[in-house]
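See below for the structure under consideration.
The values are calculated or read from the model by the stated rules, or taken from the named source; none is laboratory data. Given the structure is predicted, the values throughout are model-derived calculations rather than measurements. All Cβ positions, glycine included, derive from the backbone under ideal geometry; neighbour counts span all protein chains shown. Keep in mind that these areas ignore ligands, DNA and RNA; they rest on the heavy atoms of the full protein, side chains included. Shrake-Rupley method; radii C 1.70, N 1.55, O 1.52, S 1.80 Å.
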Amino acid sequence: MQTSVQNMASESALSQVWGRINPTPIVRGEGTYVFDADGNRFIDFTSGIAVTATGHCHPKIVSAVQTQASQLIFGQMNCMLPQATQDYANSLRQVTPEFMDTFFFSNSGAEAVEGAVKLARASTKRPNVIAFDGGFHGRTTLAMALTSSKAVYRAGYQPLPAGVFVAPFPAVFRLGWDLEVAVDFCVTQLERILQTQSTPQETAAMIVEPVLGEGGFIPAPPSFLQELRRICDHHGILLIVDEIQSGFGRTGQMWAHEESGILPDIMTMAKGIASGLPMSAIGASGELMQHWLPGSHGGTYGGGSAPAMAAAQATLEVIEEEKLIENARRLGQYLTKQLETLISGLNYECDVRGPGLMVGIEFVRDNKPAKEFVAHVQQECFRQKLMLLTCGTDGNVIRWLPPLNVTQQQIDDALAIFERSIQSNT
């Protein structure tokens, strides 16, 4: 009886603002699996929204955190420089674009986004930012203004910060156009915004996700990113690439924007960076970072958590040693092909998309988003102990985010549950 009362009290003490697909307390994680208090095992293909990239409690990550915690837990960056932070910055330099040699660390993706915009404004002396329709950049005030993936993230919080303009994104399946037509339209509209709403002389930056995350797992066509780079170069506008959900090998490359061959001016990173410990980063050139006056940006905890830095260092090592980028590329192709086969006979219009292990399936029926169907499938998968997330502006996309060290057998097990869940709802 006492345990039951404690569980009820614990549950009631949590804000309802967190929407949860699993109401059952999870007590343990191991690799691709999590376990609840009753010993039930779930296949976790959410990875904490791409956070536990090396799986739950990878032994190397656990060891690194334990060792570091016994030496130094926290060193505030204005007071001291933790050796773990210096070491990780040097390691991160080796896996980011060559010019990107300077980093600022913070705790969350939203913090990184807000910091990146501050850096762009400080270095260009311009006020405005252009974001793209369907993008998600966080829930803090400025990040909300940049976010347009779903109304719930903004509703009730207006007015949001000014100086943000939203341009169209080439979501080919949703628009129903050829890729080239969609890209041409979006580029034309972007240039029109620079003519009618935010002139180049007052536009500090554009911020774009190379794969829309919450907006539906929609990859930006390489030609679109190339056009953004061209326009930014022409007008002296900085290009911020938001790799928060798509980075650290998630897409079968270290960074999703590599597919397009472009280079960002500023890059934001988080989620898979430290295998579950709160951490994010902003990367840019030292020359650009010099425009940031000492003290004009900061934070009590940013960069000071030595265990998070140790976890991030170990994460990079695991990615390399276990060839997780190659695994994400190979099994991502396998997952995509199997999903395409599985849904081929359904009475729905479907689009399977996304590089690597960042795969989304959009469902449409009679030209309407199949939101209810997707919700039922997600719930049935959970009943059969497979955890999947949904996304998209209309909530009609199921997303697959297994850890990067997932096995083909684990993918097959998840696909079997998914197929049964679909059949029970058709």
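When each of Ala375, Ala370 is tested for being open to solvent by less than 30 Å² (accessible area, probe 1.4 Å) and more than 18 Å from the chain's Cα centre (by Cα), the lone residue that passes is Ala370. Of the residues making up the stretch 28-64, just one is farther than 20 Å from Ile244 by Cβ, in a helix (DSSP H, G or I) and among the β-branched types (Val, Ile, Thr), namely Val62. Cβ contacts < 9 Å: first residue within 26 Å of Gly392 (Cα to Cα) and among the polar types (S, T, N, Q), restricted to the stretch 121-146; second residue open to solvent by 60 Å² or more (accessible area, probe 1.4 Å) and outside any loop (DSSP other than H, G, I, E, B), any location; separation 6+ or different chain. Result? Close Cβ pairs (under 9 Å, with a partner that is open to solvent by 60 Å² or more (accessible area, probe 1.4 Å) and outside any loop (DSSP other than H, G, I, E, B)) amount to Thr140/Glu111. Restricting attention to the stretch 161-202, the residues that are assigned to a helix (DSSP H, G or I) and among the hydrophobic types (A, V, I, L, M, F, W, C) total 13.
How do the helices (runs of 4 or more DSSP H) wholly within the stretch 221-328 filter down when requiring 1 or more residues that are over 30 Å from Gln71 (Cα atoms), open to solvent by 20 Å² or more (accessible area, probe 1.4 Å) and in contact (Cβ under 8 Å) with a residue 60 or more places away in the chain: which remain?
286-289
The set of residues in the stretch 78-100 that are over 21 Å from Ala256 (Cβ atoms) and touching a helix residue (DSSP H, G or I) at 6+ places or on another chain (Cβ under 7 Å) comprises Pro82, Ala84, Thr85, Asp87, Tyr88.
Of the residues screened, Val34 is one that is open to solvent by less than 30 Å² (accessible area, probe 1.4 Å) and more than 20 Å from the chain's Cα centre (by Cα).
Filter the stretch 163-206 down to the residues that are of a type in the set (S, T, N, Q) and over 13 Å from His235 (Cα atoms), then identify the one that is surrounded by the most Cβ atoms within 10 Å (Cβ to Cβ).
Filtering first and then ranking leaves Gln197.
Residue-wise test of (1) more than 21 Å from Asn40 (Cβ to Cβ); (2) loosely packed, with under 15 Cβ neighbours inside 10 Å.
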{"position": "Leu339", "(1), (2)": "yes, no"}
{"position": "Asp351", "(1), (2)": "yes, no"}
{"position": "Asp366", "(1), (2)": "yes, yes"}
{"position": "Glu380", "(1), (2)": "no, no"}
{"position": "Leu389", "(1), (2)": "no, no"}
{"position": "Ile398", "(1), (2)": "yes, no"}
{"position": "Val406", "(1), (2)": "no, no"}
{"position": "Ala414", "(1), (2)": "no, no"}
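Yes/no matrix, rows are residues, columns are (1) under 22 Å from Pro221 (Cα atoms); (2) in a helix (DSSP H, G or I); (3) hydrophobic (A, V, I, L, M, F, W, C):
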position: Glu340; (1), (2), (3): yes, yes, no
position: Pro355; (1), (2), (3): yes, no, no
position: Glu362; (1), (2), (3): yes, no, no
position: Glu372; (1), (2), (3): no, yes, no
position: Glu380; (1), (2), (3): no, yes, no
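Remark: pairs (first residue in the stretch 160-177, within 15 Å of Gln189 (Cβ to Cβ); second residue in a loop (DSSP other than H, G, I, E, B) and open to solvent by 60 Å² or more (accessible area, probe 1.4 Å); Cβ separation under 6 Å; 6+ apart in sequence or on different chains) = Phe165/Gln197; Val166/Asp133; Pro168/Asp133; Phe169/Asp133.
So that you can scan it fast, the table gives a plain yes or no per residue for (1) modelled with pLDDT of 95 or more; (2) among the small types (Gly, Ala, Ser); (3) surrounded by fewer than 15 Cβ atoms within 10 Å (Cβ to Cβ):
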{"residue": "Val17", "(1), (2), (3)": "no, no, yes"}
{"residue": "Gln68", "(1), (2), (3)": "yes, no, no"}
{"residue": "Leu81", "(1), (2), (3)": "yes, no, yes"}
{"residue": "Ala89", "(1), (2), (3)": "yes, yes, no"}
{"residue": "Ala110", "(1), (2), (3)": "yes, yes, no"}
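May I ask you to list the residues in the stretch 178-202 that are touching a residue at least 60 places away in the same chain (Cβ under 8 Å) and in contact with a Gly (Cβ under 9 Å, 6 or more places away or on another chain)? Hits for the stretch 178-202 are Ser198, Gln201, Glu202.
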